[in-house]
Each structure stands twice: as structure tokens, then as C-alpha cells.
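Below is one structure, written out as C-alpha cells; the observations come after it.
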Amino acid sequence: MSQKKIIAVFGATGAQGGGLARAILHDPNSEFAVRVITRDTTSDKARELAALGAELVSADVDDKESMVKALQGAYGAFFVTFFWSHFSPEKEGQHVRDMAAAAKEAGIKHAIWSTLEDTRRWVPLEDNSMPTLMGKYKVPHFDGKGESDHYFTDAGVPVTFMLASYYWDNLIYFGMGPKPGPDGNLAITFPMGDKKMAGISADDIGKCAYGIFKKGPEMIGKTVGIAGDQLTLQEMADALSSAIGKPVAYNEVTPEAYRGFGFPGAEDLGNMFQFYRDFDEVCNTTRNVQVSRELNPELKSFDMWLAANASRIPLD
Ligand SMILES: NC(=O)c1ccc[n+]([C@@H]2O[C@H](COP(=O)([O-])OP(=O)(O)OC[C@H]3O[C@@H](n4cnc5c(N)ncnc54)[C@H](OP(=O)(O)O)[C@@H]3O)[C@@H](O)[C@H]2O)c1
């Protein structure tokens with residue numbers, strides 16, 4: 001193990017980083033070892049990874065010096081930020097700035113930064129097709145990431161920019177699954193019109209990141225979007241119907257209606273789906289299923305994801 005190149009993984013106890021950590025730990029022939037970066041090395045999730053062979057190191061993205069220390073001696077690092085724990089693009093930007101500086105200081109040879117588009121490249125603030133949020137963003141949890149990409153290049157960190165897709169796991173954990181309507185029939189509610197949306201099994205994100213690390217230096221400086229499938233919401237509803245064994249309709253709403261649902265982040269997500277809908281070609285060209293499968297031969301389609309996960313989707 002001491003001969004292996006260490007990959008330091010942020011968010012290793014979560015979805016994206018967890019997929020990467022497990023992909024490496026489950027590969028007995030891997031050239032890499034895993035360093036889990038966590039705020040709590042005693043948590044059950046951290047211990048589970050340690051039991052699989054990971055090293056546990058504590059750091060907090062709010063504390064740059066802790067990140068510099070945690071990255072010492074690592075060959076590679078996977079960076080992801082945690083927008084939904086604070087809802088602040090400015091805070092996210094600060095975290096990325098500190099991550100990039102820490103990566104430089106620690107001499108990281110290959111970083112992967114899990115970013116998203118700065119949607120203002122396509123929807124400038126003066127474009128009233130969607131509201132400006134928080135004073136200067138269209139899709140805050142995208143824009144704050146995209147506008148921070150330059151921190152890595154400015155610092156001279158060898159980096160691959162990776163853009164993830166909509167996690168299908170949101171149907172389980174984020175309250176986006178089928179729900180009974182007033183007529184009692186199940187429906188999924190999205191403002192996507194008839195456009196195809198790129199989606200992915202959350203654990204495949206980390207597996208694709210592993211593929212990027214395995215390819216190594218040829219991936220530095222590249223931007224790679226990943227997806228397991230690109231489907232219309234009607235196609236997703238049909239696949240859900242087959243997997244669940246009950247009819248699931250697609251309840252198409254407008255982005256305006258979605259923004260008005262009132263849950264935390266509804267406006268941000270309403271704008272995000274509108275961006276996915278109105279710039280479907282941009283989003284789906286960036287998120288290439290074929291490229292993702294080359295990086296991760298186990299990549300799941302939506303049907304494959306449903307075969308493993310449909311029974312976990314809450315239906316009430
Ligand atoms: N949901 C989607 O469809 C989707 C799609 C594309 C991109 N994204 C983006 O994915 C990002 C979240 O990634 P994820 O889903 O993998 O996260 P996640 O599953 O919520 O994982 C969060 C992990 O982050 C760690 N963490 C949280 N705060 C931290 C801090 N201050 N310092 C160090 N570690 C911290 C936690 O580890 P410890 O508790 O062990 O410290 C936790 O295990 C978001 O920025 C979101 O915008 C989401």
C-alpha cells in the first residue's frame with residue numbers, strides 16, 4: 001500500500017467522493033490508495049471506509065491550513081464543495097479558492113474539481129427569461145462553481161474539470177420521486193418540457209473520477225461532463241412505471257411554477273431545470289454518455305439504476 005499513489009478525497013463520506021473512494025478501495029489492483037478527508041474520523045461512514053483500507057485524515061473546507069496538511073504527500077485530490085449545506089455561492093467560491101491554494105501548496109500532481117457551468121455565459125443577468133437570484137446569479141449552485149474554476153488554473157494546479165449530471169438518487173433522497181396527485185395517481189413533477197435531461201447514478205460520478213485519475217496526465221486541462229443517460233421526463237416516467245409496477249405520469253409544470261414551490265432552493269432548482277431545458281444541447285453535449293462509459297465501464301443507464309434502486313424510492 002505504501003507504494004501506491006495517494007488520492008485525497010473530499011466528501012468521501014458523501015455521494016460523489018464516496019463513489020470514488022469505494023471504486024479505488026474495491027479494486028485490488030489499483031495503483032492508488034485512498035485518503036478520506038472528513039471532519040469526523042470517528043463517524044460510522046469514515047470507519048466503514050477505513051475498514052476497506054482507507055486512511056482517515058481530518059480537515060474542514062472552512063480551514064485552509066487543515067486542507068494543506070491533509071493533502072501533504074498525496075499524488076491526487078478530488079475536490080467537491082457542499083452548496084446545499086450553506087446555500088451560499090460566495091462561501092463556495094471561498095472554499096474553491098482555498099482548495100486550489102492548498103493543492104498548489106501541497107504539490108498535488110492531478111486534481112479533479114467537480115464543477116458545474118456558470119450559466120450566466122448563456123443567460124446573462126439582464127436576460128429576464130429567468131429571475132436573477134441573490135443579486136448576481138441565475139443558478140447560484142452552478143454559477144458559484146463555474147466562476148471559481150479559474151482558481152485552479154490561476155494557481156497552476158494540474159486539474160481536470162468534471163461536470164456531474166442530475167443524480168437519479170434525488171428521486172430517493174431529495175423528495176423528487178413520484179408522488180400521488182389529487183387523483184391518487186403517481187406523477188413526477190419537473191419543468192423540463194419535452195427536452196432530454198442528463199442524469200447519473202451518484203456512485204457512478206466517483207467511478208468516472210477514478211477513470212480520470214487512471215488515465216492520468218492526458219486528462220489534465222480537460223473538461224469532462226459525465227452522464228449515465230439522457231432522457232425526457234416522459235421517458236423517465238415510463239421507465240419508473242415499469243420498474244415500480246404502477247403507472248407514473250410526467251406532470252409538466254413551468255419553471256415559474258417550480259420556483260414557487262417554496263422549499264429551500266426551489267428558485268435555484270427552477271432556474272437550473274430551465275437552463276437544462278433551454279440549453280439542452282449545450283448541457284447534453286458537455287455530458288457525454290459514451291465518454292463516461294469509457295471512463296467507467298460499469299456506468300449504469302436509468303433502467304439499470306432503477307433495477308437496483310426502484311424499491312428504495314418513497315412513493316407517499
Ligand atoms: N444532487 C445533484 O443532483 C447534484 C448534481 C451535480 C452536482 N451536485 C453538487 O454536489 C455537491 C455535493 O456533493 P455530494 O452530493 O457528494 O455531497 P454529500 O453527499 O452531501 O456529501 C457531503 C460530504 O461532504 C463532507 N463535508 C460537508 N461539509 C464539509 C466541510 N465543511 N469540510 C469538509 N467536508 C465536508 C461531509 O463529510 P464529513 O461529514 O465526513 O466531514 C459529507 O460526507 C453540491 O455542491 C451540489 O451542488 C449535486
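Within the shell of other residues whose beta carbon sits under 9 angstrom from the beta carbon of Gly228, the net charge comes to 0, with Lys and Arg scored +1 and Asp and Glu -1. Using only DSSP helix segments of four residues or longer, with each worth -39500 (n - 2.57), what per-residue ellipticity at 222 nm results for the chain after dividing by its residue count and rounding to 500? When only DSSP H runs of four or more count, the value is -11500 deg cm²/dmol.
Packing around the peptides 5-16, 221-232, 146-157, taken as the average count of other Cβ atoms within 10 Å per residue, puts them in this order, highest first: 5-16, 221-232, 146-157.
Residues of the range 55-78 with the amide nitrogen closer than 20 Å to a label point 7 Å from the Cα of Ser43, along Cα-to-Cβ, please. Output list for this probe position: 55-71, 77-78. A simple count of charges around Ala74, restricted to other residues whose Cβ falls under 9 Å of its Cβ and scoring Lys, Arg +1 and Asp, Glu -1, yields +3.
With θ taken as phi - 60° and the Karplus curve 6.51 cos²θ - 1.76 cosθ + 1.60 applied, the whole-hertz 3J(HN,Hα) list for the range 176-183 is 9, x, x, 9, x, x, x, 7 Hz, x standing for glycine and proline.
Mean separation of Cα pairs under 8 Å and 6 or more residues apart, divided by the residue count, gives the chain a relative contact order of 17 percent. Using θ = phi - 60° in the Karplus curve 6.51 cos²θ - 1.76 cosθ + 1.60, the 3J(HN,Hα) couplings for the range 204-217 round to 6, 4, x, 5, 5, 4, 4, x, 5, 4, 5, 5, x, x Hz; x is entered for Gly and Pro. Each peptide in 277-284, 34-41 was scored by the mean count of other Cβ atoms within 10 Å over its residues; highest first, the order is 34-41, 277-284.
Computed from the coordinates by the stated procedures, all read-outs in this text should not be read as laboratory data. Every value quoted in this text rests on a predicted model; they were computed, and no experiment measured them. Quick reminder, even Gly has a Cβ in these numbers, built from the backbone with ideal geometry, and neighbours come from all protein chains shown.
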